[in-house]
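The structure appears below as structure tokens.
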Amino acid sequence: MRIIGGQFRGLHLAPVGDGDPKAHLRPTSDRVRESIFNLLINGGHGDPITGARVLDLFAGTGALGLEALSRGAAQATFVDDGTAARALLRRNIELTRTGGVTDVWRRDATKMGANKGDRFGLVFLDPPYGKSLGEAALASLLSGGWLAPDALVVWEEGASPLPPAGFDTVDQRRYGDTHVTLLRLRP
């Protein structure tokens, strides 16, 4: 697993092997991550990355948020309640030397609570597949005031999800057993 583009391009991240099913670690493959960022950059969505505040839910290794930082995001907050995931994430933050622009939170992404800070314009959502955790996390973000107006959500799931209330589907793609859905917060 490596960073695909930007200032950290080619940097290898901490190895996970085949993932850790018990810890729900299922890293996004380099190929899928590259496709996601090509879609964000070349998909007619403006530039949702440069200067963005990024929220990476069910962050795992943090590869999505770190890729965004490599490509010009201003700040990334990583949320994961798994011990193994947070250890890998902290190692990857060390490797990229992004400690000054990252936060790591041990929190249940489906119960974010009220936001007391700035809102996020770009959200990566990669929950364990087939457990309806993505829907719960989006509902929590909405009710807690976490999303900036016109926020873009990149949701990875095992099947194409329907957009929850308050969101419009911008694009959907399938990469093997991974379905990527781009959602835009409805004004």
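The values are calculated or read from the model by the stated rules, or taken from the named source; none is laboratory data. Because the structure is predicted, anything quoted here is derived from the model rather than measured. Note: ideal-geometry Cβ built from the backbone for every residue, glycine included; neighbour counts use all protein chains shown.
Quick notes
- Residues of the stretch 160-174 that turn out to be part of a strand (DSSP E or B) and either touching a residue at least 60 places away in the same chain (Cβ under 8 Å) or surrounded by 14 or more Cβ atoms within 10 Å (Cβ to Cβ) (or both), as a count: 6
- All positions within the stretch 128-159 that are assigned to a loop (DSSP other than H, G, I, E, B) and buried (at least 22 other Cβ atoms within 10 Å of the Cβ): TRP146
- When THR181 is tested against (1) touching an Asp or Glu at 6+ places or on another chain (Cβ under 8 Å); (2) exposed (fewer than 15 other Cβ atoms within 10 Å of the Cβ); (3) farther than 20 Å from GLY82 by Cβ, only condition (2) is not met.
- In the stretch 100-141, the residues that are in contact with a Ser or Thr (Cβ under 8 Å, 6 or more places away or on another chain), in contact (Cβ under 8 Å) with a residue 60 or more places away in the chain and acidic (Asp, Glu): ASP126
- Criterion violated by ALA109 - all others in (1) farther than 23 Å from ASN38 by Cα; (2) part of a helix (DSSP H, G or I); (3) within 13 Å of the chain's Cα centre (by Cα) satisfied: (2)
- Condition check for THR181: on the phi < 0 side of the Ramachandran plot, within 14 Å of the chain's Cα centre (by Cα) and of a type in the set (S, T, N, Q): yes
- The stretch 51-68, residues that are more than 9 Å from the chain's Cα centre (by Cα) and either at pLDDT below 95 or among the aromatic types (Phe, Trp, Tyr) (or both): GLY60, THR61
- Annotation: of all residues in the stretch 1-49 being at pLDDT 90 or above and of a type outside the set (A, V, I, L, M, F, W, C), the one that is nearest to VAL180 (Cα to Cα) is PRO48.
- Restricting the first member to the stretch 67-91 and to residues that are without any contact (Cβ under 8 Å) to a residue 24 or more places away in the chain, and the second to residues that are of a type in the set (D, E, K, R) and part of a helix (DSSP H, G or I), no beta-carbon pair is closer than 8 Å while six or more apart or on different chains.
- Every listed requirement among (1) of a type in the set (S, T, N, Q); (2) closer than 26 Å to LEU162 by Cα; (3) part of a helix (DSSP H, G or I) is met by THR77 save one, (3).
- Filter result for GLY117 (loosely packed, with under 13 Cβ neighbours inside 10 Å and in contact with a helix residue (DSSP H, G or I) (Cβ under 7 Å, 6 or more places away or on another chain)): no
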